[in-house]
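The values are calculated or read from the model by the stated rules, or taken from the named source; none is laboratory data. Bear in mind that the values here come from a model prediction, so they are computed numbers and not experimental data. Heads up, the Cβs are rebuilt from the backbone with ideal geometry, glycines too, and the neighbour counts pull from every protein chain shown. These accessible areas exclude ligands, DNA and RNA; they are computed on the full protein's heavy atoms, side chains included. Shrake-Rupley method; radii C 1.70, N 1.55, O 1.52, S 1.80 Å.
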Amino acid sequence: MEIYEIDELRLYSGQPKRWDHQKVIAMSNQKVRSKTEKELQEIILQEKAKGTPDIEIGQKYGVTFRYIERLITKSKGINVSALKVSKKIKTLYPKDFKEEQTTVWSFKQRGNWATHSGEYRGNWSPYIPRNVLLKYSKPGELVLDYFCGAGTTAVECKLLGRKCTAFDINDKAIELAKRNASFSVESQQLILVEGGSRFKVYEPELSVGDARNLSFIPDNSIDLICSHPPYANIIHYTDSKESDLSFFDIDEFLEEMSKVAKESFRVLKPGRQCAILIGDTRRKKHVVPLGFGLINTYLDAGFKLRELVIKRQHNCKTTGFWYASSIKYNFLLLAHEYLPIFEKPEAPLLSSVKEGETAYGLLAPILGKPPLKRKLDELETTTVWVLPEKDFEKRLNKNVIDRYSGRDGYSTIDFSSYSENEASFSKNGEKEKGLLFIRSPFLSNNPSQSTNELYLQKVKETVGQNLTKITEGGFIVIQTQDVRIDGYIEPLAKKVIDLVKFDALWLKEIVVVTQEKQNKGVETSNDCLLINHQYLLVYEKTKGR
Ligand SMILES: C[S@@+](CC[C@H](N)C(=O)[O-])C[C@H]1O[C@@H](n2cnc3c(N)ncnc32)[C@H](O)[C@@H]1O
């Protein structure tokens with residue numbers, strides 16, 4: 001899903017300019033005002049049918065983007081950006097495709113091979129299901145997508161010789177998916193893929209259905225689940241509320257998704273994977289960690305976390321108006337989504353966890369040295385910071401300090417291996433600071449499970465002990481990262497967010513930090529992706545909400 005966003009003002013991909021609601025409404029002229037609502041709607045639908053861009057329609061008729069979107073969804077029963085889309089196939093396969101090897105997936109183009117297009121609002125880039133299908137299934141195996149939309153997964157299954165069964169609550173979406181999946185692949189029904197193997201083409205089975213009720217699918221019968229739900233109520237996919245999860249607000253949405261997660265666990269074969277794309281949202285200038293909330297519902301259903309992939313978004317504006325606003329209002333544009341790859345364990349999990357040695361013994365924070373002098377320029381403006389390998393730490397520190405320390409200065413605390421007598425922090429009588437930066441360098445050494453548990457407790461303690469030393473409106477930034485234990489991901493950023501809860505602290509941003517150029521020539525072992533991202537969890541100290 002590609003979204004630009006500033007707080008309540010939300011901009012979708014493909015928009016050439018800033019969409020300013022107030023300005024657009026103010027532009028409503030006399031001619032438009034004299035029309036009845038119905039006449040106006042008919043004119044707008046005619047403009048859409050002619051292919052007039054939304055921004056132009058907005059300016060001409062004084063309506064917002066949301067208005068146009070609702071009108072289309074109501075009259076056509078489907079949320080599409082254009083009413084006329086050419087489905088002329090130029091090529092069936094992406095050019096120079098290479099499978100992703102690390103935990104940060106980044107596609108400069110959304111992908112327009114076969115019948116793929118950005119027509120269906122909030123659809124996913126075909127590169128995502130393509131990577132998932134190639135990594136976690138074989139030709140001839142059965143793939144389930146219970147949020148089918150316009151059929152991106154189904155089309156990829158057809159192109160890659162996988163069987164596919166896909167549902168959507170909206171019959172109009174299924175109609176569109178059927179149209180998108182009805183193309184011929186080579187007359188002989190056998191095609192070649194990279195690596196030279198031949199496989200059969202299967203027509204996907206597409207029908208209307210509710211992802212919360214898969215009772216018609218037998219237990220342990222699906223080889224892979226690859227799906228993309230609504231992100232709570234960010235975009236509405238139909239104009240009626242019934243059963244459409246895109247009308248549920250965050251808490252209710254997660255409750256409904258827990259039914260989907262339980263059904264997913266039941267129908268998936270043991271040892272197989274379930275990939276779900278999900279993004280965060282914002283309320284009152286603060287991030288709402290919808291992605292981590294959804295991960296919890298699948299973990300609660302019994303899944304393990306095989307990978308936690310970050311999907312970058314590329315169409316975020318980082319210069320001019322956006323840059324200035326990002327600094328002035330101190331916010332970052334949401335530029336990432338999460339692709340957790342869950343796995344249904346082969347056998348029920350044993351209650352006693354086998355442990356490796358605790359490499360770091362007891363763990364305690366060490367008061368660090370302030371790393372850099374402040375200088376306000378070249379700040380990152382989105383939630384994904386791609387920093388050069390050389391100067392990585394320096395650039396990371398600079399961005400955190402410049403953006404979050406304010407006039408009251410900052411202090412840092414590092415979690416490293418230590419011996420008891422080294423632990424000397426939280427001195428009495430310290431002056432209040434604008435920023436406390438808690439870093440966790442020991443995590444890059446793949447610590448054991450028990451060390452991680454201790455780490456999480458220590459982070460919470462440290463935050464609690466230092467809260468009074470932060471000025472109101474100041475920040476606590478926690479640098480952390482996911483680690484892999486016995487082949488599964490320990491999502492430590494999610495766990496910190498689950499654990500660090502204080503009335504006076506409000507999660508403001510989840511930032512993903514990664515290194516430039518690491519994607520190239522990376523060889524990974526044991527079918528695991530190389531973890532090449534870390535997180536900055538930015539908390540703001542408030543009076544309480
Ligand atoms: C993010 S879109 C999926 C887009 C799809 N990946 C694509 O590329 O076209 C989410 C879809 O979930 C559907 N949906 C909403 N509630 C549903 C439910 N209860 N069961 C099945 N589908 C549902 C919506 O109609 C929408 O098409």
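In sequence order, the range 47-56 has phi-based couplings of 4, 4, 5, 6, x, 5, x, 4, 4, 5 Hz under the Karplus curve 6.51 cos²θ - 1.76 cosθ + 1.60, θ = phi - 60°, and Gly or Pro positions carry x.
Measuring between alpha carbons in the structure, the pairs from Lys304/Lys541; Lys394/Lys541; Lys241/Lys284; Lys262/Lys284; Lys95/Lys304; Lys48/Lys178 lying more than 28 angstrom apart are Lys304/Lys541; Lys262/Lys284; Lys95/Lys304.
For Val288, nonlocal amide neighbours, meaning residues 5 or more places apart or on other chains whose placed amide H falls under 5 Å from its own, are Thr281, Arg282, Arg283. Taking trypsin sites (Lys or Arg not before Pro) across the range 97-170, the ones in a DSSP loop with at most 12 further Cβ atoms lying within 10 angstrom of their Cβ are Lys98, Lys108. The range 115-159 and the range 469-484 have Cα centres lying 37 Å from one another. Taking the inverse of the mean reciprocal distance over all distinct Cα pairs, the Kirkwood hydrodynamic radius of the range 188-344 comes to 18.0 Å. Loop-located chymotrypsin sites (Phe, Trp or Tyr not before Pro) across the range 278-330 with a Cβ neighbour count of 10 or fewer within 10 Å are Tyr329, with loop assigned by DSSP.
Between the amide H of Glu141 and those of Lys163, distances stay under 5 Å, these residues lying 5 or more places away or on another chain, with hydrogens modeled in the peptide plane. Counting only residues at least eight positions apart within a chain, or on another chain, the aspartates and glutamates with an alpha carbon under 13 Å from that of Lys269 are Glu141, Asp219, Asp223, Glu343, Glu346. Taking amide H positions as modeled 1.01 Å from N, with prolines and chain starts lacking one, the residues under 5 Å from Ile413 and 5 or more places away or on another chain are Gly368, Phe437, Ile438, Arg439. The accessible area of Leu134, taken with all protein chains in place and a 1.4 Å probe, comes to roughly 40 Å².
Of Asp280, Asp498, Asp486, the residue with the largest accessible area leads and the full order is Asp486, Asp498, Asp280 (1.4 Å probe).
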